[in-house]
1. Ranked highest first by the average count of other Cβ atoms within 10 Å around their residues, in what order do 25-31, 86-92 fall?
2. R0 = 30 Å: FRET efficiency of residue 31 with residue 200, Cβ-based, nearest 0.05?
3. I'd like the distance separating the alpha-carbon centroids of segment 139-173 and segment 2-60, in whole Å.
4. When a/c reaches 1.5 or more, the comparison of a/b and b/c decides; with that in mind, is segment 76-187 rounded, prolate or oblate per its Cα gyration tensor?
5. Cβ neighbours within 10 Å, averaged per peptide: list 113-123, 140-150, 158-168 in order, most packed at the top.
6. Lys/Arg Cβ at +1, Asp/Glu Cβ at -1, dipole of segment 32-144 taken about the Cα centre: which of 95, 85, 130 is farthest positive-ward?
7. Given Cα pairs under 8 Å that are at least 6 residues apart, what percent is the relative contact order of the chain?
8. Please identify, among 203, 133, 85, the residue showing maximal mean-square fluctuation in a Gaussian network model of the chain using a 10 angstrom Cα cutoff.
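We did not get these values from a lab; they are worked out from the coordinates using the rules stated. What you see is a predicted model, and the numbers here were worked out from it, not measured in a lab. Virtual Cβ from ideal backbone geometry, glycine too; neighbours counted across all protein chains shown.
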Amino acid sequence: MLYRSWLFIRSVLFYLAYYGSGVIYGTFSVIVWGLHLPYSVRWRLINPWTHLVMFFLRAICGVRVEIRGDYHKDAQPFVIMCKHQSTFETLFLQCHFGPVSTILKKELLRIPFFGWGLSALKPIAIDRSNPRQALRDVRKKGVSRLEEGINVMIFPEGTRMRPGEVGNYARSGADIAISAGRPVLPVAHNAGRHWPARNFILQPGTITVIVGEPISCEGKDNKQVTEEAKAWIEAHMLEINDG
């Protein structure tokens, strides 16, 4: 009982720091956006918030990060296809593989402060009211971002999954990579154990992030690339969960 109370107190302190700093950086991002600064400058000014959140996780909640695998910086830009379990990966991959343009629901950009910061970082927003047009827009904008030297990040399952769950993998990430002639970088992690979705309490421990070898799209269709990425991610999810 005492231990759970301590976890609750730590989680409260974390969220106070998380949302409080988010309000500050979100307001700051509006100012940065209004100054019409170049994207590279906006990124350097706003992205430190993700590093700050990682610090809060470690210092307040005792959540550390272990990274396995080469970072393959020489293969940039690439399409990052990642397991989606938590808020963690949306922030960690931004600070680790930046600059990154994230494919996300358009509704997220309407969230005060948080959405404002996202808007300044050139995300690719999906309008779910017109799925067919949305797919065309995502491919066009994704290719454009890659041509600018910006990595593209997608959560192919489309929503956060509980540990052990496997969703349907959409092919849009592979479609972008094939159209741009760039590789896919698969990423697996177990953040759902420590910063779980739909659960207030954060659990101390180590989040393991495994970065795979870039998957070449040459001579493959989007189904083949997606299945290859899915097989790698889910195999390494089992490895993490068994470890």
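1. Details: 25-31: 17.7, 86-92: 21.9.
Highest-to-lowest ranking by the protection proxy: 86-92, 25-31.
2. Numbers: r = 32 Å, r/R0 = 1.05.
For R0 = 30 Å, the calculated efficiency reads 0.45.
3. Centre-to-centre (Cα) distance: 23 Å.
4. Values: a/c = 1.16, a/b = 1.08, b/c = 1.07.
Judged from the Cα gyration tensor, segment 76-187 comes out rounded (a/c under 1.5).
5. Numbers: 113-123: 20.0, 140-150: 17.6, 158-168: 13.5.
In decreasing order of mean packing, 113-123, 140-150, 158-168 become 113-123, 140-150, 158-168.
6. Toward the positive end, the furthest listed residue is 130.
7. Working: 410 pairs, mean separation 62.5, N = 243.
Once divided by the residue count of the chain, the mean separation gives 26 percent.
8. 133
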